[in-house]
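So the structure is just underneath, and the comments pick up after that.
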Amino acid sequence: MARRTVIGVMGGSEASGVTVAAARELGALVAREGWVLLNGGRPTGVMAAVTAGAHAAGGLTVGILYDDDRDGAADGLDIVIPTGMGAARNAINVLASDVVVACRGSGGTLSEIALALRFARPVVLLDFDPGEDFLTQAGGDGGRWRRAATPAEAVAHCRDLLAQAGRA
């Protein structure tokens, strides 16, 4: 049996209405592709929205928690993994993902983008621009990351990146 594809969706625990709506739609699209959705598992912002979208569409959802409290997880997570590792759990988020989709966020999201590029995980930036200098310094050569304006475009990029990696 082939291993399931895991799409890690990263983003801020605080998010605007536009970002929340995009994350919810992205979660539903990830689920419809049959991919596993992985995120940081918090019950707020991008993490809660993408989980809700994937869960409502019947997808498998996984949350890698910042702390050791299962009860602090987002509703709709099928698998909750409390780490007690703080921000170090960002490495697990990235390394467990076949593609990382980064929605608008701040320091934690930026660290996940940097780790993804460092560990050769492709990155799709959904309506989020950390800047060309950051991407280049983090190890991105333009072929390892893509920009997307919409959730549908982000999923199309994921499909293409997975095909390039022989995971289609």
Review point. What is the spin-label model distance, in nm, from Val18 to Ile81 if the labels are put 7 Å beyond Cα along the C-beta direction?
Key: 3.4 nm
Review point. Between the stretch 12-46 and the stretch 94-166, what is the C-alpha centre distance in whole Å?
Key: 15 Å
Check your understanding: Can you give the relative contact order of the chain as a percent, counting alpha carbon pairs under 8 Å and 6+ residues apart?
Key -> 21 percent
**Study point:** Range in the chain, longest, excluding exposed trypsin sites (Lys or Arg not before Pro) [loop by DSSP; at most 12 other beta-carbon atoms within 10 Å]
**Key:** 5-168
Study note, to complete from the structure: If Met47, Met85 are placed from fewest to most neighbouring beta carbons inside 10 Å, the sequence is Met85, Met47
Exercise for review: Fewest Cβ neighbours within 10 Å first, please rank Glu112, Glu14 accordingly.
Suggested key: Glu14, Glu112
Study note, to complete from the structure: One quarter of the C-alpha convex hull surface, i.e. the mean projected area of the stretch 1-125 in nm², amounts to 6.9 nm²
Revision key, fill the gap. With 0.36 nm assigned to each residue of separation and the Cα-Cα distance removed, Asp160 to Arg3 gains 54.7 nm
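A short reminder: the numbers here are calculations on the coordinates, not readings from a lab. What you are looking at is a predicted structure, and each value in this text was computed from that prediction instead of being measured. Here Cβ is always computed from backbone atoms with ideal geometry, including for glycine, and neighbour counts include all displayed protein chains.
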